[in-house]
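Have a look at the structure below, then the notes.
Bear in mind that the values in this text are calculations on the coordinates, not laboratory data. Computed from a prediction, not measured in an experiment: that's the story for all the values here. Using ideal geometry, Cβ is built from the backbone for each residue, glycine included, and neighbour counts are taken over all protein chains shown.
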Amino acid sequence: MPFFFTLWVFATGAVVGSFLNVVIARVPKGQSIVRPASRCPRCEKPIAWYDNIPLVSWFALRARCRSCGLPISPRYPLVELLTAALAVAVLRHTGPTWAALGYFVFVSALIALAYIDLDTWLLPHQITWPLLALGLLSPIWNRAVTLKAAAIGAGAGFAAFAAIALVGERLLKRETMGWGDVWLLAAIGAWLGWSALLPVVLLSALQGAVVGTILIATRRDPQAPADPVPPAAVSGDDDWVPPKHAVPYGPFLALGALEYLFLGDRLVSGWNAVLFRLLS
């Protein structure tokens, strides 16, 4: 892959990451992601273009707003760097194809959803529903997944988590699975096919359990958002409070989907090898 083309993809990914920061901050609040232009989240003064260059401006300003002098969260360059790195990873994984562009849209949506869920415990339908629709159409430009596999993956993913959510609501009288997680797994199944569902669920559950155990052991608050939005302020539900030491599941579903996207064959073969040894 030519170096300058890879560099261009990295820079484009960073620009998209800058836009994702806007999505993460505004979508949970029901605000437009187009207007007004980028503003400081603290003093709300407009940010000049030269102070809004992805990755560069944060370091040039020494992580402080030029207008008010208050600190700028390191999350902003982190999202930009993560998006840029994953853009290059998608390019290397698929090559310069239409599938690469499609998967980059998928990856970008996962990043936005993961951070929104960390802040608000919500996975907004404004992102999950379009992501599901695009996933069902993705076989048109991505030969790695058939229309049948995408449809079955979406249906099976939705049915599996919807059953868990309904059992919790109807029988246990408590929330055991958020409906945002239901739609997200359906979207993942559409993009990656039905065969990805079990590995993604296992990976997300295992990694979520590990993080939850560490948080309990260290007695630390799992949420540390850059600009927190209380769940009640978004959903309008004043009674629901996240359980102590709980962690939102969406980020782990997103992580599992990314791991399967880039390491799917290796993960499946490794899992089969472990099962063979245990059963033989």
**Request:** Return the single residue from Trp191, Trp49, Trp129 with maximal mean-square fluctuation; model: Gaussian network over the chain, springs between Cα atoms under 10 Å.
**Result:** Trp49
**Complete:** In the chain, taking the dipole from +1 charges on Lys and Arg beta carbons and -1 charges on Asp and Glu beta carbons about the Cα centre, the listed residue (Leu134, Leu101, Ile164) farthest towards the positive end is Leu101
**Length-normalised contact order for the chain - Cα pairs under 8 Å, 6+ apart - percent** = 19
**Complete:** Taking the dipole of the chain about the Cα centre (Lys, Arg +1; Asp, Glu -1; charges at Cβ), the one of Pro54, Leu91, Gly208 that reaches farthest to the positive side is Pro54
**Prompt:** Where the Cα atoms of segment 1-96 are projected onto their three principal axes, how long is each span, largest first, in whole Å?
**Reply:** 43, 31, 19
**Request:** Bin width 10 Å, alpha-carbon pairs only: give the P(r) of segment 51-157 as whole percents, running from 0 to the bin holding the largest distance.
**Result:** 13, 32, 32, 15, 7, 1
**Complete:** Taking Cα atoms only, Rg over Rh for the chain with Rh from the Kirkwood formula is 0.98
**Asked** Looking only at Pro77, Pro46, Pro251, which one moves most when the chain is put into a Gaussian network model with springs between Cα atoms under 10 Å?
**Response** Pro46
**Prompt:** Taking the Cα-to-Cβ direction at Leu263 and at Ser32 and moving 7 Å from each Cα, how far apart do the two end points lie in nm?
**Reply:** 4.3
**Request:** With +1 on each Lys and Arg Cβ and -1 on each Asp and Glu Cβ, and nothing else charged, work out how big the dipole of the chain is about its Cα centre, in Debye to the nearest 20.
**Result:** 400
**Message:** Please arrange Tyr249, Tyr103 by how many other C-beta atoms lie within 10 Å of their C-beta, fewest to most.
**Reply:** Tyr249, Tyr103
**Asked** At a Förster distance of 25 Å, what's the computed FRET efficiency of Leu278 paired with Thr146, Cβ-Cβ distance as r, to 0.05?
**Response** 0.20
**Request:** As a check on your grasp of the helix formula, calculate [θ] at 222 nm for the chain: sum -39500 (n - 2.57) over DSSP H runs of n ≥ 4, divide by the residue count, round to the nearest 500.
**Result:** -21500 deg cm²/dmol
